[in-house]
Structure formats: structure tokens, C-alpha cells
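Shown next, in C-alpha cells, is the structure this report addresses.
The values are calculated or read from the model by the stated rules, or taken from the named source; none is laboratory data. Just so we're clear, the structure is a prediction, and the values are computed from it rather than from any experiment. When we count neighbours, we look across all protein chains shown, and the Cβ atoms used for this are built from the backbone with ideal geometry, even at glycine. Each accessible area value is taken on the protein alone, full model and side chains, heavy atoms only, with ligands, DNA and RNA left out. Shrake-Rupley method; radii C 1.70, N 1.55, O 1.52, S 1.80 Å.
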Amino acid sequence: MKLGFCTMGYLDYTTVEEAVKRIARTGYDVIDFWAYSPHLGPDLYSTRQQRAAVKKLVADNGLETAALSVNGGGLALHINFSHCIEQIRKTSVEYYKQCVELAVDIDCPRINMISGHMVYGTCREQAWQWNRQCMTEIAEYAGAKNIQVVLHTLTPCESRVMVTLDDALQMMREINLPNLKVMIDTADQNITDQNISDSIRKAGKDLVYFHANDNSGYGQGDAHLPPGRGAVDWKQVMLSLKEIGYQGDMTVQVHVGHPVDIDAWCRESYEYLVKIKKDVGL
């Protein structure tokens, strides 16, 4: 299992190019790109030359690209499959398709996908139907280009549509496409699915990606702290991943709404997870 870091942590501090260099210097194997301006947004990095330069930068720094963290949830209320305004849903689908094209151009194997939130007057059944339609269109588009799509849940403060891992697995089964799988983000699952060991077992072979972060396990879920600073039992997480024979990557995704020394968080997360991996023989 390769360890990585998401450039989302550096979003407030550096350009995406500088973030790549710092993540590589820390010792990580893979990188997860925040796929929105001012980092690797498909509109900002729109030319083949720009994307080729990013691909070369990753390789020159000894990294591989693991995923694109697509904007959504509470960070992007305008990207929303659950919205009652049809044009918002269409614009959201178009943004995801642009992310698929970006993934192809930089040799990124997967993108994540998030449900969005309902507004007043929309029932959950209708929002679920809209999500299934939009997500099917994106997964089909991505599948034709050999890109995997992984379903990412949200906490109840951000959505009431695809919240628990059970929701994500249900959506995956209903759409039923081979390139559509699920991921775990512990900042969410530590609140919505607090028995993370059983969540990992439940996902089994359909679990193909993992965001590592920490929080207290309650509240609104906006805290994405370094692993080891919250209530997640990381040794048990690693043991459960080992139990199911997990073959995917684990990338740290940390971010909070106040200034921090993100280099220190990047290093702290790496050193902590390397130790836990060694302790469990993963």
C-alpha cells in the first residue's frame, strides 16, 4: 500500500507545482491533486502543454498520481447533482467530465465523485434519482477512457443523500458499472460509520481508494486533521485493510479553516502512518 498526500492541504499556501515538490521531499510515493482552481483545475490547466508539464513534474519528483480530489460538498455548493435547478446539475456533470479528461492527460487512474446537497422542496428520493442519472453519465464517460470513479460520502452537515458507506455501496450496485467503486474518507466515516473496521470489511474488494485524516468523531465534520490527532484507531484501520487484502493507495487529506504549518502536518502524517504500517506488517 503506497502512501500519498493530497495537494488540498497546500491549497491556501503554495502553487500546485510547489506542493508537488514538498510532498515528494517528505517521502510520499503518490500524490492526490485537488482538481479545482487555484490548484489543478481543469479550466486553469486547460492546455496539453500545461498538463504535460504537470505530468513531467510528478515523474521528475519520483511520484505517481493516485487520484483527483474533485471539488464538491460544502466546499462547492455550485457543483451539485442534487440541486433542483437542472442547469446546475448539467454544469456539475460537465465539470466532472473535464476532470476525467484531465485525469487522462496526466496519467491519473481515478477521480472521486460526491453527491451534493438537497435544497428546500426536494425530497431525498428525487435527489437520489438525479444523482444516479448524473453519476451514471459520468461513470460511463470515464469508463470509455479507462478512468475509475470512486464514490465519496459526505457528512450530514453537507448532504442527506449519499452519507453512509451503505449509501455509497447502494448507489454503486444500482449503477452497476465495472469502473465505479467506493472509497473511504475517515474524516467522514469517523462520523457517519463509526465502526470503521466493519465499514472496511463491508466494502471489501469494492474499496479501491482511501483518504486518511482524523477528527473527534462527532460534530460537523469539517476538521481534516493529521492521522493520530483524533479518535480514529489507525492500527485497527491498517489491520482491517490487511484483512481484506487491500491493494489501493492511502493518501492523507488534511485541511482546516485556519492557518497551520502544513509542511509540519505533511511530515507528521507521513511519519505516523509509516510507523503504523510497519507495526502491522502492511
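Only one entry of ARG89, ARG51, ARG110 meets the criterion of being of a type in the set (Lys, Arg), touching a residue at least 12 places away in the same chain (Cβ under 8 Å) and in contact with a His (Cβ under 8 Å, 6 or more places away or on another chain), and that entry is ARG89. Restricting attention to the stretch 15-28, the residues that are part of a loop (DSSP other than H, G, I, E, B) and touching a residue at least 40 places away in the same chain (Cβ under 8 Å) total 2. Within the stretch 29-44, being charged (D, E, K, R) and not in a loop (DSSP other than H, G, I, E, B) holds for one residue alone: ASP32.
Here LEU44 fulfils each of the conditions (1) open to solvent by 70 Å² or more (accessible area, probe 1.4 Å); (2) in contact (Cβ under 8 Å) with a residue 12 or more places away in the chain apart from (2). The single condition among (1) out of contact with any helix residue (DSSP H, G or I) (no Cβ under 6 Å at 6 or more places or on another chain); (2) open to solvent by 10 Å² or more (accessible area, probe 1.4 Å); (3) at pLDDT below 95; (4) not in a helix (DSSP H, G or I) that GLY74 does not meet is (4).
Hey, could you check the stretch 246-282 for residues that are without any contact (Cβ under 8 Å) to a residue 12 or more places away in the chain and outside any loop (DSSP other than H, G, I, E, B) and say which is most open to solvent (accessible area, probe 1.4 Å)? Selected residue: LYS278.
Considering only the stretch 77-94, state which residues are open to solvent by 60 Å² or more (accessible area, probe 1.4 Å) and in a helix (DSSP H, G or I). Those that are open to solvent by 60 Å² or more (accessible area, probe 1.4 Å) and in a helix (DSSP H, G or I): GLU86, GLN87, LYS90, THR91, GLU94. All told, VAL182 falls short of being open to solvent by less than 10 Å² (accessible area, probe 1.4 Å), more than 21 Å from VAL70 (Cα to Cα) and at pLDDT 95 or above. Test ALA35 against the stated conditions and say whether it is aliphatic (A, V, I, L, M) and modelled with pLDDT of 95 or more. Yes, satisfied.
Residues of the stretch 95-124 that are surrounded by 17 or more Cβ atoms within 10 Å (Cβ to Cβ) and closer than 20 Å to LEU154 by Cβ: TYR95, TYR96, CYS99, ARG110, ILE111, ASN112, MET113, ILE114, SER115, GLY116, HIS117, MET118.
Per-residue answers, yes or no, for (1) of a type in the set (Phe, Trp, Tyr); (2) more than 22 Å from TYR209 (Cβ to Cβ):
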residue: HIS83; (1), (2): no, yes
residue: TYR96; (1), (2): yes, no
residue: GLY116; (1), (2): no, no
residue: TRP128; (1), (2): yes, yes
residue: MET135; (1), (2): no, no
residue: LYS145; (1), (2): no, no
residue: ARG160; (1), (2): no, yes
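Of all residues in the stretch 180-228, those satisfying the criterion of being within 18 Å of LEU151 (Cβ to Cβ), part of a loop (DSSP other than H, G, I, E, B) and free of Cβ contacts under 8 Å to residues at least 60 places away in the same chain are ASP193, ASN213.
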